[in-house]
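S.K.: Before I ask anything, let me first share the structure, which is written out below as structure tokens.
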């Protein structure tokens with residue numbers, strides 16, 4: 001369940017990065033594949049995705065440890081190490097290149113060539129360069145804070161989900177009255 005939540009958060013974040021504008025106006029020239037790849041390179045999307053998945057893996061590791069401790073009252077250091085190793089591998093094989101390739105047609109749909117040129121000009125400006133320098137630290141701090149908040153609320157959310165599923169299952173087992 002934690003994995004699904006983290007993946008949903010990831011796609012929300014990527015969607016907000018990619019969909020900066022509305023669908024191109026009719027007749028607007030879409031950017032070329034090369035323009036989009038340059039744009040994604042300037043935005044450092046690939047390294048940010050890699051960093052994002054490293055942060056998600058770190059949060060998954062903490063969540064997996066907490067989940068294991070809830071199920072096993074006195075886990076051994078070896079058991080916790082095994083949980084850590086498993087959690088660390090979950091996000092290592094994410095297909096970052098495939099994700100970047102999938103973003104190209106999305107950007108071409110939502111941004112005109114003129115939009116792309118203006119965005120690239122912004123990132124060439126001093127404030128655009130500052131944003132690029134600061135964004136990795138902002139992302140790391142945001143992931144840490146988001147992970148902490150998520151872990152605080154995860155037990156309650158899981159309990160609510162379990163109660164909901166139990167009620168739904170009970171309704172299914174109770175024959176309908178004519």
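The values are calculated or read from the model by the stated rules, or taken from the named source; none is laboratory data. Since the model is a prediction, treat every value here as computed from it, not as a measurement. No Cβ is skipped: glycine too gets one built from the backbone with ideal geometry, and neighbour counts run over all protein chains shown.
S.K.: Which one is farthest from residue 99 (Cα to Cα) among residues in region 17-41 that are surrounded by fewer than 16 Cβ atoms within 10 Å (Cβ to Cβ) and at pLDDT 80 or above?
M.R.: 28
S.K.: In addition: Check off (1) surrounded by 18 or more Cβ atoms within 10 Å (Cβ to Cβ); (2) at pLDDT 85 or above for residue 53 and give me the number that stays unchecked.
M.R.: (2)
S.K.: Could I ask something else about it? Tell me yes or no: at least one residue of region 81-90 is within 30 Å of residue 155 (Cβ to Cβ), touching a residue at least 40 places away in the same chain (Cβ under 8 Å) and under 25 Å from the mean Cα position of the chain (by Cα).
M.R.: The answer is yes; a qualifying residue exists.
S.K.: Still on this structure, I have one more. Can you pull out the residues in region 91-125 that are under 15 Å from residue 46 (Cα atoms) and free of Cβ contacts under 8 Å to residues at least 12 places away in the same chain?
M.R.: 93, 95, 98, 101, 102
S.K.: Being part of a loop (DSSP other than H, G, I, E, B) and either at positive phi or surrounded by 12 or more Cβ atoms within 10 Å (Cβ to Cβ) (or both) is the filter here; which residues of region 57-76 pass it?
M.R.: Matches in region 57-76: 72, 75.
S.K.: Could you tell me whether residue 93 is farther than 21 Å from residue 151 by Cβ and not in a helix (DSSP H, G or I)?
M.R.: yes
Here's the yes/no breakdown for (1) touching a strand residue (DSSP E or B) at 6+ places or on another chain (Cβ under 7 Å); (2) at pLDDT 85 or above; (3) surrounded by 10 or more Cβ atoms within 10 Å (Cβ to Cβ):
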site: 114; (1), (2), (3): no, yes, yes
site: 120; (1), (2), (3): no, yes, yes
site: 127; (1), (2), (3): no, yes, no
site: 147; (1), (2), (3): no, no, yes
site: 157; (1), (2), (3): no, no, yes
site: 162; (1), (2), (3): no, no, yes
site: 167; (1), (2), (3): no, no, yes
site: 175; (1), (2), (3): no, no, no
site: 178; (1), (2), (3): no, no, no
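S.K.: Just wondering, is there one or more residues in region 86-96 that are touching a helix residue (DSSP H, G or I) at 6+ places or on another chain (Cβ under 7 Å), surrounded by 16 or more Cβ atoms within 10 Å (Cβ to Cβ) and within 19 Å of residue 36 (Cβ to Cβ)?
M.R.: yes
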